[in-house]
Every structure is written in C-alpha cells, then in structure tokens.
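Engineer: This is the structure I have questions about; it appears just below.
Every number in this text was worked out from the coordinates using simple rules, so none of it is lab data. These figures come from a predicted structure and were not determined experimentally. Positions of Cβ are generated from backbone atoms using ideal geometry, with glycine treated the same way; all protein chains shown enter the neighbour counts.
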Amino acid sequence: MTGTSLDGAWRKREFAPTAGTSVCRLSEIPDGAAREFSFGDGRETFRLLVLRSGERLRAYVNFCPHFSLPLNSEPDKFLLFGGRIYCANHTAAFRIEDGYCEDGPCTGDWLEPVPLAVEQGVVKIGMT
Amino acid sequence: MAMLESKATTATAPIVVKASAPDPRTHYRKFELGAFQFERDEYFVTISWPAKGARQQHRMSADAFLRALMRDVAWGFFYGLVNFDGMFGTRNLYGRVEFFGGRYNEAYHKASLSYVEQFDSPVAMETCKSMLRDWCNAGFDPFAAPAETGSTWAGPKNGDNIAAIERFRIATKRMPGLAGDSPLRDDLPVNRAFADVAQDEPEVNVEPGFEGKLHAFNLFKYLSRSDVTWNPSVTSVCRESLYCPTTEEYILPIIHGNDRVEWFIQLSDEIDWEVADKETGRPRARVLMKPGDVAAMPADIRHQGYATKRAMLLVWENARMDLPKLYETGKLKPYPVEF
C-alpha cells in the first residue's frame, strides 16, 4: 500500500476484521465508486472505506486524521472529485491512490490503509 | 460478510474554478460561484447575487473579507454559519455548503433581497482558495493581527503571499508532544504579547510500570508561540471532545453562528463578546470575559469577539456529527443549562 508508518495501524482498532474476512462481492462496488462497510456492533464500529477504479481496489479506515471523524456525514455518501476523496466535515482532500492528504486542514497526514484481496469475485481483508 | 452501508457514491469529475482574466487596472481577477460574483479593487471586495430580477451588491473592506475568507478556508467551512459580516457568509452542511447573501440579515431577507445557493464543498473550497491566492498581496498575512501585517492588503495587485495562506496547519491525533503526534512549537518564536509567559515544560515522574504512559505539556508556553490569531488548533482529542485553544487579537474576522453549544474558557487577558440571534442578528448580550471565566455559547446565537491585547482562549467543541440535526429538530435545547 502506501509504505507510511500507518501501515498496519488499523489492526489495533476495535472490531478490526482479521485477514480473510469477507467484505462484499466485487460486483457490489461500481467502478469509480466508494462504499462503506462496518464491522462490530454499537456506535464504535470499525468503519471500512473501499474505493474502486476499474479492477483496482483501495481501502482505508473511514477516519479523517484532522478531527478524528468519519469522512462522510451521511451513510455511504462520499465526496469524490478529480482523484481525491474529501472529508465532508472540513474538506481535507486525500489522494484516492494512496490516502495522502495533499490539501486542507491536515495536509501531510494519511488515511490508514487496509489491505484487500479478491478471491473468486469476493472482496476480502488481505494479509499485508 | 460485513454490513453494507446503503448506496455507493460515484463522481470523479475535476473541479473547475470560474475566474476572469486580470483586470487591466487593478490586475485582480473576478470570480464566480454559481450566481454569486466576487470582485476586488484597491480597497473593497464587492459581492453580488440575483434578487428581484436585478443584482444586489454588497461591499466589504478587502482586508476584512480576506481575513474572514482565510478562516473559512482554514476551517473547512467550520461549524454552522460563518458570517463574513451582517450580510454575506457560508453555512456548512457537511459535504455541501450554502453561500448566502442577506439570508441572515432580517431586513434584507424580509424584503426578498436575500439569496442562497448550495455547492459541493470541494467545489466551493477551490473557488475560495483561488480568491485568496489572487487577492492577498505580498506582505499581507490574513491570519496576523493588523499591527503585525499592516496595510499591505490595500492597493492594486502587488505580488502574493502563498506561504502565509497555505502555511502548514497542524493536526493533532491525541495531544501535542506525544510520540507520532503534533509538535510543541519549539521552533516558533514567542509572540510579542506573551514575552512574560514561562517556557518550562512540566516535570513528569511516574511509578515503576507507568513509564511512557503519562504525558503533560505547558499549554501557556504552547499558546505563547502561536503564529496566528483567531485560529483554533486541537490540543486534546478524546473521542468527540476537542480542546481547541487559540490566541486572539483585534476582531474575530467572522461572526460565528455555531450549530452546537460551544464552551469558552478565558485563559488570559480579556475578550469582549457581542452575542446576537443567529437567525436575525438582533442583539442578545455582551459578555466581557476575564481570565478564568467560562461561557457556553448557545446553539442559536452568533458571536463576535474583540481583544485589544492578544488573549488566550480555550474553545471546547463537541464534534458529534448528529448534533446539528438534534438542535434543528428541537430534540436538544440550544443551551446546556436551564436557570
């Protein structure tokens, strides 16, 4: 993924899914789309953001490093413009490619990457 | 499989900013966002919007406009209403943003001279940033107090100050000074107004077994090295509880109409607050805060502060995302205490 110090940080979060956990079928994420999946119960679930570009998938913890809030203010509604995903709260702009914040109130910070794997059309949590 | 959250979002269109060629006399560009038009000259910014089949014009001093615009950009449209003055401003809808002219001015709104238009936040943000880049002259820092940045904002276009308007803004994950978290500002000079503030850090002694598990820092020293005014930075994150201290000098460049209760704790010096009804702007109170004073600014007001000497203020925000709706629907009262 990014090679940042945040690689693997997601594993320490509550309800973090283990490697091999199924997320969804690949066909449930349209090309160019962002979807959210949650693991665990209650208010503090593990929120996983998955973005698809062609056959390429990117996944991050849905957690903006600016104010430690989810990137979306409404369920599954994400702001995608010009190769960036924007936080709905205060408009921090992250590169979809690697989760780097290149503009906004937490410029220089990163989204926490989560590895994915696709096996027989099913998206799963990856090993590394 | 994981729980799937409703429907997917798709849209990766590039953002286009509508800007004119530089004006032949002033060399400033004009900007458009939806039906709003923005134009600056040597002293003023003129904002116009459609009303009653014509265009309603509103004028602000360019330095006041740029100071307000800088906060709106730095704070990502912030919480609730950011009134640039009694006429023009923005309202954060978290993903969308509303620009308004006259909407929260009782007289203009009643006379049907107000106008409101919504935009995707990233689109509006790019226009705002482009205005700042083009309209801030060399030497003008919209974050600085007037005594520090002077009148370089005035006159025809004279260079730019990208370094000031795009200065690195520090995001704190838990608390400054923790490993991997934001720095303690040791590389910044002590501001002229806080030359008497002690600069030593607290001594932390722990029982065996607690090494590396306790942390403390000198908040007054940290604030004395703030290089901006009226610009909160997070110094403590505990779930949705955010401590956002700041240093204040001159006038809060916006009239803030929060969409939640906001607590103020005066740490040093004095700030005089003017408090008005959020919807109409009708005066409601004046509050002079002195060191140690605590105030809860209700969710149904707008406020603007005045500080002659640079003052330290702790702003305590609740970042819960469902709060605006809870207040709007009346499920929460706009004030935290009933007397």
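Engineer: Return the subset of B:213/B:325; B:213/B:309; B:290/B:333 for which the Cα-Cα distance in this structure is over 29 Å, preserving the input order. Mind showing how you got there, number by number?
Structural biologist: Working: B:213/B:325 38 Å; B:213/B:309 38 Å; B:290/B:333 27 Å.
Exceeds cut-off: B:213/B:325; B:213/B:309.
Engineer: Ok, one more. I need two numbers for chain B: Rg to one decimal and Dmax as a whole number, Cα atoms only, in Å.
Structural biologist: Cα radius of gyration and Dmax of chain B are 21.3, 75 Å respectively.
Engineer: Name the lysines eligible as straight-distance cross-link partners of residue B:129: C-alpha to C-alpha under 18 Å, and not fewer than 8 places from it in the same chain.
Structural biologist: List returned: B:18, B:30, B:157.
Engineer: Add -39500 (n - 2.57) for each DSSP H run of 4 or more in chain B, then divide by its residues: what number comes out at 222 nm, to the nearest 500 deg cm²/dmol?
Structural biologist: Numbers: 7 runs with 53 residues, N = 339.
That comes out to -4000 deg cm²/dmol.
Engineer: Now for a separate question. Determine the relative contact order of segment B:70-182: mean sequence separation of Cα pairs under 8 Å and six or more apart, normalised by residue count, in whole percent.
Structural biologist: Working: 147 pairs, mean separation 18.5, N = 113.
That works out to 16 percent.
Engineer: Further question on the same structure: Relative contact order for chain B: what is it in percent, counting Cα pairs under 8 Å that are at least 6 residues apart?
Structural biologist: Numbers: 684 pairs, mean separation 45.7, N = 339.
Computed value for chain B: 13 percent relative contact order.
Engineer: Other chains' Cβ within 10 Å of A:72-78 residues: what's the mean? Show your work: numbers first, answer last.
Structural biologist: On the way: counts 5, 8, 6, 3, 6, 8, 5.
Rounded to a whole number, the mean comes out at 6.
Engineer: Can you list which of the GluC sites (Glu not before Pro) found in segment B:245-339 are DSSP loop residues with at most 14 other C-beta atoms within 10 Å? It would help to have the intermediate numbers written out before the result.
Structural biologist: Values: sites: B:248, B:249, B:262, B:270, B:274, B:279, B:317, B:328, B:338; in loops: B:270, B:279, B:338.
Within segment B:245-339, the qualifying GluC sites (Glu not before Pro) (loop, at most 14 other Cβ atoms within 10 Å) are B:338.
Engineer: At q = 0.08, 0.10, 0.11 Å⁻¹, work out log10 I(q)/I(0) for the protein assembly as shown with the Debye formula, treating every Cα as an identical point scatterer and leaving solvent out; two decimals please.
Structural biologist: The Debye formula, applied to the Cα set alone, gives -0.51, -0.80, -0.97.
Engineer: Got a sec? Charge dipole of the protein assembly as shown, +1 on Cβ for Lys and Arg, -1 for Asp and Glu; which of B:70, B:170, B:116 is way out at the positive end?
Structural biologist: B:116
Engineer: For a quick check: sort A:106, B:238, A:87 by the number of other beta carbons within 10 angstrom, fewest at the front. Present the calculation step by step, with values, prior to reporting the outcome.
Structural biologist: Numbers: A:106 24, B:238 10, A:87 31.
By the 10 Å Cβ count, ascending, the order reads B:238, A:106, A:87.
Engineer: Between B:312, A:78, B:145, whose Cα lies farthest towards the positive end of the dipole of the protein assembly as shown when Lys and Arg beta carbons carry +1 and Asp and Glu beta carbons carry -1, centred on the Cα centre?
Structural biologist: Selected residue: A:78.
Engineer: Local charge sum around residue B:157 (other residues, Cβ-Cβ under 14 Å, Lys/Arg +1, Asp/Glu -1)? Please report the intermediate quantities before stating the final value.
Structural biologist: On the way: positive: B:25, B:29, B:30, B:40, B:133; negative: B:23, B:39, B:41, B:42, B:134, B:160.
Net local charge, residue B:157 excluded: -1.
Engineer: Which of the listed residues, B:193, B:205, B:51, is farthest toward the dipole's positive end in the protein assembly as shown, when Lys, Arg count +1 and Asp, Glu count -1 at the beta-carbon?
Structural biologist: With unit charges placed on the Cβ atoms, the residue in question is B:51.
Engineer: Which residue fluctuates the most in chain A, going by a Gaussian network model with Cα springs under 10 Å, if the choices are A:103, A:76, A:41?
Structural biologist: With Cα springs under 10 Å in chain A, the top fluctuation among A:103, A:76, A:41 is at A:41.
Engineer: Roughly how far apart, in whole Å, are the Cα centres of segment B:307-339 and segment B:193-266?
Structural biologist: Spelled out, the Cα-based centre of one part sits 18 Å from the other.
Engineer: Just flag the chymotrypsin sites (Phe, Trp or Tyr not before Pro) in segment B:159-220 sitting in loop per DSSP whose Cβ has no more than 14 other Cβ atoms within 10 Å. Walk me through the intermediate numbers first.
Structural biologist: Details: sites: B:168, B:194, B:210, B:217, B:220; in loops: B:168, B:210, B:217.
Here the chymotrypsin sites (Phe, Trp or Tyr not before Pro) that fit, given the DSSP loop and packing criteria, are B:168, B:210.
Engineer: Also, quick follow-up: Taking the Cα centre of segment B:18-165 as the origin, how large is its charge dipole in debye, to the nearest 20, when only Lys and Arg (+1) and Asp and Glu (-1) carry charge on their Cβ atoms? List each step's numbers first, then the result.
Structural biologist: Values: 17 positive and 17 negative charges, 74 e Å.
Roughly 360 debye, rounded to the nearest 20.
Engineer: Now for a different question. I want to verify a result. In a Gaussian network model of chain B, Cα cutoff 10 Å, which of these has the top mean-square fluctuation: B:48, B:224, B:182?
Structural biologist: Highest fluctuation of the listed residues: B:182.
Engineer: What three numbers, in Å, describe the spread of the alpha carbons of chain A along their principal axes, ordered from the longest?
Structural biologist: 39, 30, 30
Engineer: May I pose another question? Could you give the dipole magnitude of segment B:251-339 about its Cα centre, charging the beta-carbon of Lys and Arg +1 and that of Asp and Glu -1, in debye to the nearest 20? Walk me through the numbers on the way to the answer.
Structural biologist: Details: 13 positive and 14 negative charges, 7 e Å.
The calculated dipole for segment B:251-339 is roughly 40 debye.
Engineer: Hey, another quick one. Over segment A:9-125, calculate the relative contact order: mean separation of alpha carbon pairs under 8 Å at least 6 apart, over the residue count, as a percent. Intermediate results must be reported in sequence, preceding the final value.
Structural biologist: Values: 236 pairs, mean separation 30.0, N = 117.
Taking the mean separation of contacting Cα pairs over the length of segment A:9-125, I get 26 percent.
Engineer: Now for a separate question. Compute the acute angle (0 to 90°) between the alpha-carbon long axis of helix B:121-135 and the principal axis of greatest extent of the alpha-carbon atoms of chain B; round to the nearest 10°.
Structural biologist: 80 degrees
Engineer: Still on this structure: Where does helix B:62-74 land angle-wise versus the long Cα axis of chain B, in degrees 0 to 90, nearest 10?
Structural biologist: On a 0 to 90 degree scale, this one is about 60.
Engineer: Here's a follow-up. What does the charge dipole of chain B about its Cα centre add up to, to the nearest 20 debye, if the Cβ of each Lys and Arg holds +1 and the Cβ of each Asp and Glu holds -1?
Structural biologist: Magnitude of the dipole: close to 1040 debye.
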